[in-house]
Amino acid sequence: MVTTPPPRASGRINSLDGLRGVAAMVVLLHHWLLIAQPWLQGTVVWAWISQSPAKLITAGNEAVLVFFVLSGLVVVLPVFRAGFSWMGFLSARVVRLYGPVIAALLFAALLILLVPRDPSRMPAGSWMTDTHATQVYPPSLLAQMTLIPRSYPLNNPLWSLHWELVYSILLPFATALALLVRRWALTAVLACAALSLVGRMLEQPELLYFPIFLMGTIMATRLPDMLAWVERPRPRWFMPLFAAGSVLLLIASWLARPIAPSGGILNTVLWSLAAPGAAGLVVVSLAWAPVMRFFETPVMQWLGKISFSLYLVHVPILATLAYAVGSQNWQLVGLLGIPLSLLVAWGFYQLVEAKMHQAARRVHRAVAARARRRANEIAP
């Protein structure tokens, strides 16, 4: 029998914080590997990294899907608490997203100004040349601060925050839809995976990403039932098999690349399995005691605490080091950049993110109280 410890008094589920921290580290390693790719591609090392189970530790795009499922689940949980205010929630959400994003973009712009970037020093067609700004243009900087554009050359991981913001705005509708289909939650989650596949094939990002967020929201509406399901007696092999299956789904498109090359229909179909794989890993983090204990260790909890800050600051640091020492010295970029990213993320959390959390709570209380007063004034 697998038991689940109760969440903290704050309502946070500890193991999901740890999962978030691991996902942020995977994204960091993924971007480091992209710097190394021009120098490793075609080698045995590259094949081992990208087409074996080792891909799990650098599956950055898939780790973002884990973030999306987690956001869909965790962000909506306060909706079901007494006294919830949509106006307060949305106001606080804006503060929590925009404050750190603006600070991260200013940080990235400062690094570009301090360390000149000559694109001719980077391999043609590489991630470094295709996605990174080499100069700071104020109009572009201001546009990226709005989270309206689809691409972010100053700090390219921010593309996912665009979809986080849009889903936050649509959350009332998503919550209503999730409540409508909650009786058929498993079928609805599979339908979301199918819709995401259609979005991938049609190259429609809204259809690709929104169903993945919705998966998490559907799971949130059934969270008590999920935890009850977790506590049922099961064979000892069930959760290890479930976890292995979730991992396999998450990176299936990579494992199959020798027979299903990237860009082909089969590979696209296999990539769509990453969404239910991400959802499965969230369930594992709630259900399998060894994994839960691992994610609840102090190191994993610390990673979870700084995960958003790490996500925001690591690419500017890695890119700056790549220009400073040369991307051909990708080993040195990782040796310096990975610990430096963790250190800067901790400082960023203390100086920016934690302060934005406090500001968001104040905004939430003020806006919610004003909304309640207004409702009382117009009530018959």
Computed lengthening from Leu336 to Thr297, 0.36 nm per intervening residue step minus Cα-Cα distance: 11.5 nm
In sequence order, calculated HN-Hα J values of the range 99-106 (Karplus, 6.51, -1.76, 1.60; Hz; x Gly/Pro): x, x, 5, 4, 5, 5, 5, 5
Karplus (6.51, -1.76, 1.60) ³J(HN,Hα), θ = phi - 60°, over the range 193-200, in Hz, Gly and Pro reported as x: 4, 5, 5, 4, 4, 4, x, 5
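What's the FRET efficiency of Ser52 with Ala228 using the Cβ-Cβ distance as r and R₀ = 35 Å, to the nearest 0.05? Could you put the intermediate results ahead of the total?
Values: r = 37 Å, r/R0 = 1.05.
After rounding, the FRET efficiency stands at 0.40.
Peptides 245-258, 62-75, 218-231: what's the order by average Cβ count within 10 Å, highest mean first? Write out the running numbers ahead of the final one.
Values: 245-258: 19.2, 62-75: 25.1, 218-231: 17.4.
Highest-to-lowest ranking by the protection proxy: 62-75, 245-258, 218-231.
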For the range 89-155, radius of gyration divided by Kirkwood radius, i.e. Rg to Rh on alpha-carbons: 1.05
Dipole axis of the chain (+1 Lys, Arg; -1 Asp, Glu on Cβ), positive-most option in Ile57, Met226, Tyr167: Met226
Using a Förster distance of 30 Å, the FRET efficiency for Ala194-Leu110 (Cβ separation, nearest 0.05): 0.10
Long-range HN-HN contacts of Arg234 with modeled amide H, under 5 Å: Val2
The range 15-80 versus the range 89-103: alpha-carbon centroid distance in Å: 24
Helix-only [θ]222 nm of the chain, DSSP H runs n ≥ 4, -39500 (n - 2.57) each, per residue, nearest 500: -24000 deg cm²/dmol
Taking the range 14-378 and dividing mean pair separation by its residue count, relative contact order in percent (alpha carbons under 8 Å, at least six apart): 32
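Would you mind getting me the FRET efficiency between Thr146 and Trp237? Use the beta-carbon distance for r and R0 = 51 Å, nearest 0.05. Walk me through the numbers before you get to the answer.
On the way: r = 50 Å, r/R0 = 0.98.
Once rounded, the FRET efficiency stands at 0.55.
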Rounded to the nearest 20 debye, dipole of the chain from Cβ charges on Lys, Arg, Asp, Glu: 1160
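What translational diffusion coefficient, in µm²/s and rounded to a whole number, does the Stokes-Einstein relation yield for the chain at 37 °C and a viscosity of 0.692 mPa s, taking the hydrodynamic radius as the Kirkwood radius over Cα pairs? Provide the component values of the computation, followed by the final result.
Numbers: Rh = 21.9 Å.
In µm²/s, the coefficient rounds to 150.
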Extension reserve of the Gln350-Val166 stretch, reckoned as 0.36 nm per residue once the Cα distance is removed: 63.6 nm
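Calculate, in nm to one decimal, what Ala369 and Leu179 gain on full extension: separation in residues at 0.36 nm each, minus their alpha carbon distance. Don't jump to the answer; show the numbers that get you there.
Numbers: separation 190, 0.36 × 190 = 68.40 nm, distance 2.64 nm.
Stretched fully, the Ala369-Leu179 segment lengthens by 65.8 nm.
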Vicinal HN-Hα couplings computed from phi for the range 291-301 (Karplus, 6.51 cos²θ - 1.76 cosθ + 1.60; Hz; Gly/Pro x): 5, 4, 4, 4, 5, 9, 5, x, 5, 5, 5
Amide proton proximity set for Val136, modelled H, under 5 Å, gap of 5+: none
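Bear in mind these aren't lab numbers, they're just calculated from the coordinates by the rules spelled out. Bear in mind that the values here come from a model prediction, so they are computed numbers and not experimental data. Methodologically, a virtual Cβ is constructed for each residue, glycine included, from the backbone with ideal geometry; neighbour enumeration extends over all protein chains shown.
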